[in-house]
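Enquirer: Quick one: this structure, given as structure tokens, is what I'll be asking you about.
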Amino acid sequence: MSLRIEDHPLLDFSDKRKKPVRFYFNDREYKGYEGEPIAVALYANGVKKLSESPVKHRSRGLFCAIGKCASCRVVVNGIPNIRACQEPVREGLKVRSSKGLEKLEIKESSPPRISRPEEIETEILIIGAGPAGAIAAIKAADMGAKVLLVDYASRIGGQLIKQTHKFFGWRKYYAGYRGIKIAKILEEEIRKRANIEVWLNSPVVGYYEGNIFAVLKDKRKIVYVKPKKVIIAPGAVERFAIFENNDLPGIMGAGGAQTLMNVWGVKPGERVLVVGSGNVGLIVSYQMAQAGIEVKAIVEALPYIGGYFVHAAKVRRLGIPILTKHTIIRAEGTESVKKAIIAEIDEKWRPIPGTEKEFIVDAIIVAVGMYPDTTLTRMMGITHKFVKELGGFVPLRKRTLETTREGVYIAGDVSCIEEASTALMEGIIAGINAAKSLGYNNPVLENEAQEAIKDLEKFRSGPRYAHIKRALENVII
């Protein structure tokens, strides 16, 4: 059974399917396309179980699809703990499921020689090439600074590369454009600037005293990068929902579903249930319907719909029911999800007996929010504070977005879980101020940073975001 999308009203996947390759998973041959991740190629072939948990040996599958969880770990050509959502297929590749805790087998009779990694310096290191990091690189470079932009992903744009809907807001922050178009614009602008160097497929894997960052360049060799200033913009991590059997393959985050559909042209399922009626849940439901997927229902525990009315109206026009005051209580299946059980809940959020409903589904899409990816900022010793309204633990910062560690700035979802437009505003603020702190001056751009601060204030003054504006006062230093 193939889950590949053959006809889409907005997207063309032919460029990603030019070169077919044969690879092996658990000694069985499969067909994929050069460049697509192992997990995507397997999912397209109907293979959803990728690994087993270390202790209980429960089935595991794709969840986030952006390399920020460990659900899709596999063994590739004998090397364990490879994230199948990040490693591309290629001709003859041999992959097998991870069976708990795998060990790396070293065949050499003597240990390999380890030499000190290459060291380089740069004026501004930007970690994360999503909307915040990308626009920060552009603005810092326009101020005159030398910028190194690194990201573990293979493309510039972060989550924009899978957003097919048009954004709201102000025109100067790309309102009216689809996310996939914004990503292309940002990449084109970055490529125009000679003082921006870009390293993709290059995760930051460590931080050391002396302000040294270990970057796994091209996923092949460690390079020590010593910057004068740093902008950290790694984005966010999708939350799991708590219900029985929530780890079955076929249960994935909304962002994972969008990556499958809108980046690679693979359906997350033929019949799906969506958990969460925020903007993300509503948007991904509409996008799945566009791709020919049957969305059985959207389940929302709150007594009201969480997202914009315009998004809710679009899915309702398609006949997709939105069930408020309901929650998912159980998923059923063995190696992948086959059924979802939901129930109505009372005012204490307890399932009401006798209200259970059963859905035959092959995927459950979880859209219950995200939390800031503060792995690196915590490693660096930056002071954090837990603020529920901002998504969890977030770094303390000045209004210029400089943190408690001098010369280190933040931008985007690591600062506060919001939208792409606010990530762009924060990227502008961080990029210009980081370059200004190095002695670069440009009155026009400095005024743009001040305008972005005012725009953020204005954006957060509306009733939907007033709670965020109040909460932010708890982390301003």
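The values are calculated or read from the model by the stated rules, or taken from the named source; none is laboratory data. Predicted model, so just to flag it, every value in this text is computed and none were measured. Here the Cβ positions follow ideal geometry from the backbone for every residue, glycine too, while neighbour counts run over all protein chains shown. When the accessible area is computed, the model is the full protein with side chains, heavy atoms only, and any ligands, DNA or RNA have been set aside. Shrake-Rupley method; radii C 1.70, N 1.55, O 1.52, S 1.80 Å.
Enquirer: Considering the stretch 230-260 alone, what residues qualify as being farther than 23 Å from PHE393 by Cβ and of a type in the set (D, E, K, R)?
Expert: GLU244, ASP247
Enquirer: Restricting attention to strands (runs of 3 or more DSSP E) lying wholly within the stretch 266-364, give those where 2 or more residues are touching a Phe, Trp or Tyr at 6+ places or on another chain (Cβ under 9 Å).
Expert: In the stretch 266-364, 271-275, 294-300, 326-333, 337-344 are the strands (runs of 3 or more DSSP E) which contain 2 or more residues that are touching a Phe, Trp or Tyr at 6+ places or on another chain (Cβ under 9 Å).
Enquirer: If you scan the stretch 221-232, which residues turn out to be farther than 13 Å from LEU148 by Cα and in contact with a helix residue (DSSP H, G or I) (Cβ under 6 Å, 6 or more places away or on another chain)?
Expert: none
Enquirer: If you take the residues in the stretch 362-378 that are out of contact with any Pro (no Cβ under 6 Å at 6 or more places or on another chain) and under 17 Å from ALA411 (Cα atoms), which one is most open to solvent (accessible area, probe 1.4 Å)?
Expert: Here the answer is ARG378.
Enquirer: Which is assigned to a strand (DSSP E or B) and under 22 Å from MET143 (Cα atoms), of VAL205, VAL198?
Expert: Result of the check over VAL205, VAL198: VAL198.
Enquirer: If you don't mind, there's one more thing I want to ask. For the stretch 89-111, does any single residue satisfy the condition of being assigned to a loop (DSSP other than H, G, I, E, B), at pLDDT 95 or above, touching a helix residue (DSSP H, G or I) at 6+ places or on another chain (Cβ under 9 Å) and within 30 Å of LYS56 (Cβ to Cβ)?
Expert: Yes: the stretch 89-111 contains one or more residues that are assigned to a loop (DSSP other than H, G, I, E, B), at pLDDT 95 or above, touching a helix residue (DSSP H, G or I) at 6+ places or on another chain (Cβ under 9 Å) and within 30 Å of LYS56 (Cβ to Cβ).
Enquirer: Still on this model: Only one residue in TYR440, TYR409, TYR371 is over 24 Å from GLY157 (Cα atoms) and among the aromatic types (Phe, Trp, Tyr). Which one?
Expert: Only one candidate passes the filter, namely TYR440.
Enquirer: Report yes if LYS68 is among the basic types (Lys, Arg), closer than 23 Å to ARG220 by Cα and at pLDDT below 95, otherwise no.
Expert: yes
To keep it simple, each residue is scored yes or no on (1) over 25 Å from GLN450 (Cα atoms); (2) surrounded by fewer than 16 Cβ atoms within 10 Å (Cβ to Cβ); (3) free of Cβ contacts under 8 Å to residues at least 24 places away in the same chain.
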residue	(1), (2), (3)
ASN77	yes, yes, yes
SER98	yes, no, no
LEU125	no, no, no
ALA134	no, no, no
ALA140	no, no, no
HIS165	yes, no, no
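Enquirer: Still on this model: Kindly evaluate THR400 against the criterion of being among the hydroxyl-bearing types (Ser, Thr, Tyr), free of Cβ contacts under 8 Å to residues at least 60 places away in the same chain and in a helix (DSSP H, G or I).
Expert: no
Enquirer: Between a residue in the stretch 175-190 that is farther than 14 Å from ALA132 by Cα and any residue that is surrounded by fewer than 17 Cβ atoms within 10 Å (Cβ to Cβ), which pairs come within a Cβ distance under 7 Å, given they are 6 or more apart or on different chains?
Expert: ALA175/PHE168; GLY176/LYS166; TYR177/LYS166; ARG178/LYS166
Enquirer: What's the number of the only condition in (1) at pLDDT 95 or above; (2) of a type in the set (Gly, Ala, Ser); (3) open to solvent by less than 30 Å² (accessible area, probe 1.4 Å) that SER51 fails to meet?
Expert: Every listed condition holds for SER51 apart from (1).
Enquirer: In the stretch 442-473, which residues are touching a residue at least 60 places away in the same chain (Cβ under 8 Å) and loosely packed, with under 11 Cβ neighbours inside 10 Å?
Expert: The answer is none; no residue qualifies.
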